[in-house]
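Here the structure comes first, spelled out in structure tokens, and everything after it is commentary.
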Amino acid sequence: GVSASNGGDRYGPGPIGVIDGSGIDKTVDADDPSTWLHDGSGYQSELMCWFFKDGDGLPTTGSNGKLAWISLDLGSSEAVGELWLFNNNYQGGPSGTATYNLYTADSPTVALPATPNKNAFASTGLTPAGDYDFSSGGWTLFNTAGVLTAPKAGTTSVDLTGVSARYLALEIMTGHGDTYNGGRVGIEELAVTAGVIPEPGTMGLLVVAGFVVLLYRRHS
């Protein structure tokens, strides 16, 4: 039920390639991203883009200085546990994401643009997408400059315990220095684990316990 939007994908299948498990070996436990491995697939199964492509490089950046972006739509506001990021695994290596900003939202003030077609450049006038300004309203900046230190096949996770959101979005701020045709940046796969929501009976016990503590303090 998860869908995605992004600023364009030069080679791959578009944002669906970042949430469909392609490029990932899930043999050990398909439900546990901590056991997943990169399977060695190239850019065909990844998000790989030139942002605001002008010729063959990255001559300009988007709002807030980003190189690229991708947003996940969970379909409704959900309690989330962890966000797993699997870095670009292209054979050249340095085209992976280096630093990123993570945002959450339930109701963005400005609707996310339509998803660009496969192989569409993320360039104004060339795709239905392009840039998106996450300061436009409704978004909460969860962290600044998260890091994927490994330029190829690096993996990391972000603890989102306590967060409920419909949308999760990454601004890719810097890459690991790819210079092919001016430079590319991308990411292999994103995965979200479900958070834990207390059962109604458990929540009732928590509330009652808190009320008893308040009464004790009041009369002590």
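The values are calculated or read from the model by the stated rules, or taken from the named source; none is laboratory data. None of the values given here were measured: they were computed from a predicted structure. As a convention, Cβ positions derive from the backbone with ideal geometry for all residues, glycine included, and neighbour counts pool all protein chains shown. Just the protein is used for accessible areas: all its heavy atoms, side chains included, with ligands, DNA and RNA removed. Shrake-Rupley method; radii C 1.70, N 1.55, O 1.52, S 1.80 Å.
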Filter the stretch 159-193 for residues that are small (Gly, Ala, Ser) and assigned to a strand (DSSP E or B); the one that is nearest to the chain's Cα centre (by Cα) is 169
Residue 53, sole failed condition from (1) modelled with pLDDT under 80; (2) open to solvent by 60 Å² or more (accessible area, probe 1.4 Å) | (2)
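Just to be sure, is residue 41 modelled with pLDDT of 85 or more, under 22 Å from residue 178 (Cα atoms) and surrounded by 13 or more Cβ atoms within 10 Å (Cβ to Cβ)?
On the way: modelled with pLDDT of 85 or more: no; under 22 Å from residue 178 (Cα atoms): yes; surrounded by 13 or more Cβ atoms within 10 Å (Cβ to Cβ): yes.
The answer is no for residue 41.
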Of (1) surrounded by 12 or more Cβ atoms within 10 Å (Cβ to Cβ); (2) modelled with pLDDT of 55 or more; (3) not basic (Lys, Arg), residue 149 satisfies every one except (1)
